Amino acid sequence: MSVLIKGGRVITAADDYVADVYVEGERISLIGESLDVTADRVIDASGKYVLPGAVDPHTHLEMPWRGETTIDDFESGQTAAAFGGTTTHVDFCIQGKGQTFSEALEIWHGKREGKAVIDNGFHIAVTDLREGGTLEELARLPEEHGVTSYKLFMAYKDSLMVDDETLFRTMQVAAETGALVMVHAENGDAIEVLMAEAIAAGNTAPIYHALTRPPETEGEATNRAIQLARVAGAALYVVHVSCAESVEPVALARDKGWNVWAETCTQYFFIDQSFLDQPDFEGAKYVYTPPPRPKANQEVLWNAVRTNVLQAISTDHCAYLFDGQKDAGKDDFRQIPNGGPGLENRLQMIHHFGVREGRISLNRMVELLCTNPAKLFGLYPRKGTLAVGSDGDIVVFDPEKHVTISAATHHSRSDYNLYEGIEVQGSPEVVLLRGNVIVDGDQFLAKPGSGRFIKRARPNEELKPETLATA
Ligand code: URP
Ligand code: ZN
Ligand code: ZN
């Protein structure tokens, strides 16, 4: 099978030019002006952008947690991703208490088998080094499983949180293996006290989710993780940075040349703390963690992505139903499942409000959504760019198309959309995964099971063709 994408504006993190892109089999084999080749399918991309398939480094599909399971499985979540122009994601495999890491990975592989429609890798979320997972096993994950990032939660005291010893020991292993340490940075102990006090005072509504997780608790934990990573000599990636208090320690660390990287998520640019304070429990839709912050933080985040203090924008897609899951917390905000949908709308939202409104360039958008996540998580140059030899993961993006974002038309199983009613200009039209057209307008063409698991290289190491596992 060969596909010729003709006359589009080819945009990578570095380039912007009009050309033809020829995909033979799974890879891009030629890029040039007026290519003289025959192809099984020709796509006219004149007036369109030709972008690399986007890479989402932070998702939670079919994740069981606190008695609920996220509503998108690998098929529905990845379908939503594909319609949004995301062709690769890295999902969190969560080590259950007492489980070895290979046991956890086996369970997560089982979730994607026969369902996957795009490519993915796994991070391992370390929750327990006392019973189950060992430091030795953790050290083997990059070579044996292609899992080159270790995630630790510094919050969620009732479930996923680790103590500083576990955090630090994992960092020491990462320093040896070259894996990237990822942290959810919030001070879980302080938050637990604030939440108990709020409930004791009768404050049960969704807004207390934000009021009991003040930005300082994120700033403190971010700084703690940065300093501990320095002592251990590990590379650190701070996930879902939401406020000035955590941007500042990341900026300082990077200014000093320390090995620190960080992302924010789409929702933090658009949804502020006031969304939690709505009648009829509506605020529960926006209960994710860290919580939506006071509006002034949004400008701080745009500045941080513009100036490379933050290198990636993920979705933290962790979708629940409003009716039937979020309502578990009607009488106690602590019981509202934490998370929101977003996998489908990242490119549309960042293109419209980032690029069209002049906050970032098209090249920077590609860098934040495709190239940097691919580099940091060992997927580059197979993923995250358009180059000869790269996978034929391509988005033909129509910059003129008007879309009203709505749960009525999205592909997630969630019954609400964080960006309901927002109008954007610009949307993916055709999406290719390894040379196969998987989205063609409204049509979805990928077969369940055709997505591939990717054994990733280490951060900033090249992912060579041979390291791709066979489907
Ligand atoms: O609320 C969120 N973000 N849920 C998913 C778990 C996490 O902290 O990333
Ligand atoms: Zn988190
Ligand atoms: Zn998350």
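Just so you know, all these numbers are worked out from the coordinates, no wet-lab data involved. Note that the structure is predicted; figures quoted are calculated from it, not measured. Glycine also receives a Cβ, built like all others from the backbone with ideal geometry; neighbour counts cover every protein chain displayed.
Near F122, once Lys and Arg are set to +1 and Asp and Glu to -1 for all other residues with Cβ below 14 Å from its Cβ, the sum equals -2. If R0 is taken as 35 Å, the Cβ-Cβ distance between A387 and E103 corresponds to a FRET efficiency of 0.40.
Loop-located trypsin sites (Lys or Arg not before Pro) in segment 224-326 (DSSP state other than H, G, I, E, B) with a sparse environment of at most 16 neighbouring Cβ atoms within 10 Å: K256, K295. Computing FRET efficiency as 1/(1 + (r/R0)^6) for E144 and R41, where r is the C-beta to C-beta distance and R0 is 41 Å, gives about 0.60.
Counted residue by residue at 0.36 nm each, then reduced by the alpha carbon distance between them, the extension gain from D442 to E461 reaches 3.2 nm. From least to most packed, judged by other beta carbons within 10 angstrom and beginning with the fewest, V173, V241, V403 follow the order V403, V173, V241. Considering only A234, H145, Q78, and ranking their Cα positions along the charge dipole of segment 52-376 that arises from unit charges at the beta-carbon of Lys, Arg, Asp and Glu, the one farthest toward the positive end is A234. Here's the picture: a label point sits 7 Å out from the Cα of F281 along the beta-carbon direction, and within segment 322-345 the residues with their amide nitrogen under 14 Å of it are 322-337. On full extension, the segment bounded by E420 and Q227 gains 65.5 nm, given 0.36 nm per residue less the C-alpha separation.
The calculated FRET efficiency for E136 paired with T69, based on their beta-carbon distance and R0 = 41 Å, is about 0.85. Okay, which of segment 279-314 sit inside 15 Å, backbone N to the point 7 Å along the Cα-Cβ direction of F322? Residues 279-288 qualify, since their backbone N sits under 15 Å from the label point.
Distance from the C-alpha centroid of segment 238-276 to that of segment 393-471: 25 Å, rounded to the whole angstrom.
Straightening the chain between V18 and S406 buys 136.4 nm, computed as 0.36 nm per residue apart minus the Cα-Cα spacing. Ignoring lysines fewer than eight residues from K375 along the same chain, the ones with Cα atoms less than 17 angstrom from its Cα are K383, K455, K464.
Taking the number of Cβ atoms within 10 Å of each Cβ as an exposure proxy, the fewest-first ranking of Y286, Y268 is Y268, Y286.
Normalising by the residue count of the chain, find the relative contact order in percent from Cα pairs under 8 Å and 6+ residues apart.
Numbers: 1167 pairs, mean separation 99.2, N = 471.
Relative contact order here is 21 percent.
For T404, T170, T12, the sequence from fewest to most other C-beta atoms within 10 Å is T404, T12, T170.
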